[in-house]
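The structure appears right after this line, and notes come after that.
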Amino acid sequence: MNKLTTVEEAVSIIKDGDTLMIGGFYTVGTPHDLAEEIIRQNKKDLTIINNDGGNPDSPLGRLIYSGNVKKVILSWCGYLNELPDMVKSGKIELELNPQGTLIERIRAGGFGLGGVLTKSGINTIIEEAGYGKRVHLNGEDWLYHPPLKADVTLIEAYKADNFGNLLFRGTQRNFNDIMCYAGNIVIASVKKPIKKKGELAPDTIMVQGPVVDYLVQQEV
């Protein structure tokens, strides 16, 4: 099955109100072409799950600032200087997670687990803001966080074949591989020319083809 499609067709799958996981750590591994197209197609009332939101000049940062996003779930937002004021004014909702908690919630969503128990955030703003629920188990206190899933996952890969097998390069991998398992639909934007099935060495594949629904070829 050839999963290759255009940026326009891939983003047209996203519906208003969808929850999107978007890969990337400070723009590395973020599918910029897909984020730009979301802005162009004016998708609304979105919930974005990402590590940090990029920066104000990145496509993801511009998307968050666009008014089309109703909620962001991040581990930090240090470069999006306007985001705290947007939250205070009610323009957007923000949920912060410790970084390890965020990735584990995504992993739980992808692999059918019931959530995450962690001590991170106890007696801090995380607990005070209601982002986790304290539970007492085996004589100890924990914060419980439910799993995270997405309607659509959008990630960037370094290489792929037309069956959907993916390979990441260096820190591009970050959240991307785990997010693939937590999205009902997975769209990968690929940097290098997409190969035919069988042309990638099997032991280099990091996400297997059946997990990926659509591929977009970046301009090369």
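Tabulated results
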item: Residue check, VAL135 touching a residue at least 12 places away in the same chain (Cβ under 8 Å), of a type in the set (Val, Ile, Thr) and buried (at least 18 other Cβ atoms within 10 Å of the Cβ); result: no
item: Any hit, region 171-184, residues being modelled with pLDDT of 95 or more, within 15 Å of the chain's Cα centre (by Cα), assigned to a strand (DSSP E or B) and of a type in the set (Val, Ile, Thr); result: no
item: Helices (runs of 4 or more DSSP H) within region 1-106 that include 2 or more residues closer than 30 Å to GLY198 by Cβ and in contact with a Leu (Cβ under 8 Å, 6 or more places away or on another chain); result: 7-12, 32-41
item: Of residues in region 39-51 being among the β-branched types (Val, Ile, Thr) and surrounded by 24 or more Cβ atoms within 10 Å (Cβ to Cβ), the one nearest to VAL7 (Cα to Cα); result: ILE48
item: Any hit, region 143-154, residues being among the charged types (D, E, K, R) and under 21 Å from VAL7 (Cβ atoms); result: yes
item: Region 157-176 residues that are under 12 Å from GLY209 (Cα atoms), paired with ones that are among the aromatic types (Phe, Trp, Tyr) (beta carbon under 8 Å, 6 or more apart); result: LEU167/TYR158
item: Index of the failed condition, ILE185 passing every other in (1) crowded, with 24+ Cβ neighbours inside 10 Å; (2) touching an Asp or Glu at 6+ places or on another chain (Cβ under 6 Å); result: (1)
item: Looking only at region 115-132, and only at residues there that are modelled with pLDDT of 95 or more and closer than 20 Å to LYS71 by Cβ, the one that is surrounded by the fewest Cβ atoms within 10 Å (Cβ to Cβ); result: GLY115
item: Pair list, Cβ < 6 Å and 6+ apart or interchain, from region 25-53 residues that are closer than 19 Å to LEU74 by Cβ to residues that are at pLDDT below 95 and crowded, with 24+ Cβ neighbours inside 10 Å; result: THR27/GLY54
item: Residue in region 52-70 that is of a type in the set (Asp, Glu) and closer than 18 Å to ILE178 by Cα present; result: yes
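Every residue, every condition in (1) surrounded by fewer than 17 Cβ atoms within 10 Å (Cβ to Cβ); (2) touching a Lys or Arg at 6+ places or on another chain (Cβ under 7 Å), yes or no:
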position	(1), (2)
PHE163	no, yes
LEU166	no, no
ARG169	yes, no
ASN176	no, no
ILE194	no, no
GLU199	yes, no
LEU215	no, yes
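The values are calculated or read from the model by the stated rules, or taken from the named source; none is laboratory data. None of the values given here were measured: they were computed from a predicted structure. Note that we place each Cβ from the backbone using ideal geometry, even for glycine, and neighbour counts take in every protein chain shown.
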